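Just below is one structure, and these are the notes that go with it.
Please treat every number below as a calculation from the coordinates, not as lab data. Keep in mind that this is a model prediction, so the values were computed, not measured.
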């Protein structure tokens, strides 16, 4: 895996009810190595999203689809895969 970007900052998470919550993120965007033709060039997003203000943020929204708007304006839909705040990508919005 080749790391394309490592992003850290504070963004805004929009939950399913439309509520907006400030949240910190530590995200890596990686790309598969060219060695495997079936997956060559595939990009992946991994990392964590959490709220410094709400210790129950991850548990409350566990496995629910939310949108993160990062400091640079890019957005993607994600869900929490575990109670540590690790995320799975649902859809890259841009």
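Working from the alpha-carbon coordinates of the range 52-94, get Rg over Rh, Rh being the Kirkwood radius.
0.98
Taking the square root of 5 times each eigenvalue of the Cα gyration tensor, what semi-axes in Å does the equivalent ellipsoid of the chain have, largest first? Write out the running numbers ahead of the final one.
Working: eigenvalues 124, 34, 28 Å².
Ellipsoid semi-axes (Å, largest first): 25, 13, 12.
Under 8 Å for C-alpha pairs, at least 6 residues apart: give me the relative contact order for the chain, rounded to a whole percent. Don't skip to the answer; put the middle values down first.
On the way: 207 pairs, mean separation 23.0, N = 94.
Relative contact order of the chain: 24 percent.
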